[in-house]
Amino acid sequence: MDIDAIMKILPHRYPFLLVDRIVKYEQGKEAVGLKNVTINDNFFPGHFPARPIMPGVLIVEALAQVGGIALMDPDDPKENFFFGGIDGCKFRKPVVPGDTLMLKVALKKMNKRFGVAKTTAQAFVGEDLVCEAELTLYMGN
């Protein structure tokens, strides 16, 4: 799924669209996305000028966006999703310009009646796990 297809599903736009490509997708089950981290990303001038590191909260946001893609129907993106919670979040290594984040999100549990989804989310740079969390997403308008 390229950036055009992603933008048909996600309402996010620059500077908060944090997914460049989806490389694996099974609607309602899982998605794997990529974020190419470059020195041109708008957060690096302030985080940190002498040692640029991608803010952890933005890694988690990128994971949530991939989770939203996993939950939503690309042929009928009338619903939206909202962040509901972050549990057990751990940051293992810094993410720096030049890295490619592989963002893996899998649905653990879905309560369709209330539109609440629980997911497991992991971010990798190469083989290294750099962030992991359990995310709660709410579906709705």
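Among the residues of segment 19-48, those that are over 12 Å from ILE69 (Cα atoms) and touching an Asp or Glu at 6+ places or on another chain (Cβ under 8 Å) comprise LEU34, LYS35, ASN36, VAL37.
Taken together, the residues in segment 19-39 that are within 14 Å of VAL95 (Cα to Cα) and either without any contact (Cβ under 8 Å) to a residue 60 or more places away in the chain or open to solvent by less than 30 Å² (accessible area, probe 1.4 Å) (or both) amount to 3.
Which one is nearest to the chain's Cα centre (by Cα) among residues in segment 15-52 that are in a loop (DSSP other than H, G, I, E, B) and among the charged types (D, E, K, R)? Here the answer is ASP20. Evaluate segment 54-75: report whether one residue or more is free of Cβ contacts under 8 Å to residues at least 24 places away in the same chain, more than 11 Å from the chain's Cα centre (by Cα) and closer than 23 Å to TYR138 by Cα. Scanning segment 54-75 turns up at least one residue that is free of Cβ contacts under 8 Å to residues at least 24 places away in the same chain, more than 11 Å from the chain's Cα centre (by Cα) and closer than 23 Å to TYR138 by Cα. Of all residue pairs spaced 6 or more apart or on separate chains, those with beta-carbon atoms under 7 Å, a first member in segment 1-16 that is within 18 Å of VAL57 (Cβ to Cβ) and touching a residue at least 24 places away in the same chain (Cβ under 8 Å) and a second member that is open to solvent by 60 Å² or more (accessible area, probe 1.4 Å) and part of a loop (DSSP other than H, G, I, E, B) are PRO15/ASN42.
The values are calculated or read from the model by the stated rules, or taken from the named source; none is laboratory data. The shown structure was predicted, so the numbers you read here are calculated from the model rather than taken from an experiment. With ideal geometry, Cβ positions are generated from the backbone for all residues, glycine too; neighbour counts draw on all protein chains shown. Protein only, heavy atoms only, side chains kept; ligands, DNA and RNA dropped before computing areas. Shrake-Rupley method; radii C 1.70, N 1.55, O 1.52, S 1.80 Å.
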